[in-house]
Amino acid sequence: MINRFRLLERDEIEEIHASTLQILEKVGVEVRNENALRLLGENGCEVEERRVRIPEELVAECLKRAPSEIELYSRDGDRSLLIGGDDVVYNPGSAAIYVLDSETGEIRRGTSRDLEKLVRLADALEHIEAQSTAIVPSDVPEVVADLYRLYIVLRNSDKPVITGAFSKRGLIDMAEMLNAAVGGPEELRRRPRAIFDCCPTSPLIWGDVTAQNLIDLADRGIPAEIISGPHIGATSPATLAGTLVQSNAETLVGVVITQLRRAGAPVIYGGGPVLFDMRYATERIGAIESVMMACAVAEIGKYYGLPTHSYLGESDSKVIDGQCCFESAIGILMAALAGVNVVSGPGMLASENCQSLEKLIIDDELCAMAYRLLEGIDVDEETLALDVIEKVGPGGHYLGERHTMKHFRRERYIPSDVICRLTIDAWKKAGSKDIITRAKERVEKLLKEHQPKPMPEDRAQALEEVLNSIFKRYGLERPKV
């Protein structure tokens, strides 16, 4: 295995930790949820209206309670992913509003049909190991948009899902949908199928909805993924170290809330501080500083012994071009080297606002290369190949050797035809296609040929009944996908 990349020395992380505790005790955070305020106040925190100051001892105790790894299961419970250690799981970035239209090349609002295509495509891709509720469909009323995204994923893929709720009621409804899809709340608690994002508001605020989401997730044993996303220089200090202190404070408050509600509740230490571009007043998620911060956040989470998450693999570009590819490649590779456990971002353009089927295809190849990188170089008697080198000798070749046949596949990643490795003449004969054209062809092929694993009929019916009851409650008609 390859040695992991690190940005921070242990003593530097300890300085960030000590500074964070100082912020939590002296400055405190604003909590806008009454249940969370009561929970914190009853457990030794100083509560002054909405301002909460948290003692160092309570933070330490809650960190001890949180599990160091999580088993995340497929929809039908027959496969699992380990979320913890240095294991890396890639999934599409979540909650994009727009899509890059495959036919017109235009950026437009995403629909339920767009999300269904993306989910089916991600289901077919080997190296995208988890799903996400990747697009907010514009053809669905906002009050049910969060849960309808989850419905589309559950009906079109067996892979576990990274998701999130837009409201307090939305999370309850989504949990009921998961219960129906997997066979009940006890089964969901025993073998969780989904992770829910919960995001504080920078600087130093936990809102009503997200704090309640933390509580409700802890009650149900569903993993909560805390994602602090300050804009460096705008909603956090202009220095990277200062932003790490603030982001850490925001995240640790979430950890404390979950563990006070239920000791041992599964929680993931996430975060995505992004550079704020002073020239254009925009976030720059593809900037190298944003990538560095995402990796540093994961290092801090590992210091606490928690599973980790970051947003990496996205691009600020609005099209699939050179900028798109190099920004995505840097993020995907750095995530692997840093050992980020949950990596959200493949497929995303326009600073986390847009999804592209073609980019997801290209990013799947990048993820495959990252996984191969993590395997490193095996050095032992067999791989040193002294016998075969001696046998072939000067001027020979290895093409017909048994050693070559045994090792050539296991030693290398063989990409799909999206990656061109033809000679110039062969490339011309094949149509002189660029990577976007090849990616489009692969999208069409996979969507035509791949058949996702269907839900068991009884669970599909239970899910339909739950969704119908939710739409009836709001007086809405189900959209047709």
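Data for the structure
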quantity: Where a residue in the stretch 424-437 is without any contact (Cβ under 8 Å) to a residue 40 or more places away in the chain and its partner, wherever it lies, is among the aromatic types (Phe, Trp, Tyr), with Cβ under 9 Å and at least six apart; calculated: Lys433/Trp427
quantity: Test result for Arg51, free of Cβ contacts under 8 Å to residues at least 12 places away in the same chain, surrounded by fewer than 19 Cβ atoms within 10 Å (Cβ to Cβ) and either in contact with a strand residue (DSSP E or B) (Cβ under 6 Å, 6 or more places away or on another chain) or of a type outside the set (Asp, Glu) (or both); calculated: no
quantity: Matching residues, the stretch 1-40, being more than 29 Å from the chain's Cα centre (by Cα) and either exposed (fewer than 14 other Cβ atoms within 10 Å of the Cβ) or in a loop (DSSP other than H, G, I, E, B) (or both); calculated: Gln22, Lys26, Val27, Glu34, Arg38
quantity: Leading residue by the ranking (surrounded by the most Cβ atoms within 10 Å (Cβ to Cβ)) among those in the stretch 255-302 that are free of Cβ contacts under 8 Å to residues at least 60 places away in the same chain and in a loop (DSSP other than H, G, I, E, B); calculated: Pro273
quantity: Filter pass, Thr243 being in contact (Cβ under 8 Å) with a residue 24 or more places away in the chain, polar (S, T, N, Q) and surrounded by fewer than 24 Cβ atoms within 10 Å (Cβ to Cβ); calculated: no
quantity: Qualifying helices (runs of 4 or more DSSP H) (wholly inside the stretch 136-254; at least 2 residues being farther than 24 Å from Ala462 by Cα); calculated: 208-220
quantity: Selection count, the stretch 400-419, where residues are of a type outside the set (Phe, Trp, Tyr) and under 26 Å from Ala430 (Cα atoms); calculated: 8
quantity: All helices (runs of 4 or more DSSP H) inside the stretch 333-395 with 2 or more residues being closer than 26 Å to Ser310 by Cβ, in the same structural domain as Gly322 (by TED's automatic domain parsing) and in contact (Cβ under 8 Å) with a residue 60 or more places away in the chain; calculated: 357-375
quantity: Cβ pairs under 6 Å, 6+ apart, first in the stretch 3-24 and outside the structural domain of Ala336 (by TED's automatic domain parsing), second loosely packed, with under 15 Cβ neighbours inside 10 Å and not polar (S, T, N, Q); calculated: Leu21/Glu56
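The values are calculated or read from the model by the stated rules, or taken from the named source; none is laboratory data. Bear in mind the structure is a predicted one, so any value in this text is a computation, not a measurement. Virtual Cβ from ideal backbone geometry, glycine too; neighbours counted across all protein chains shown.
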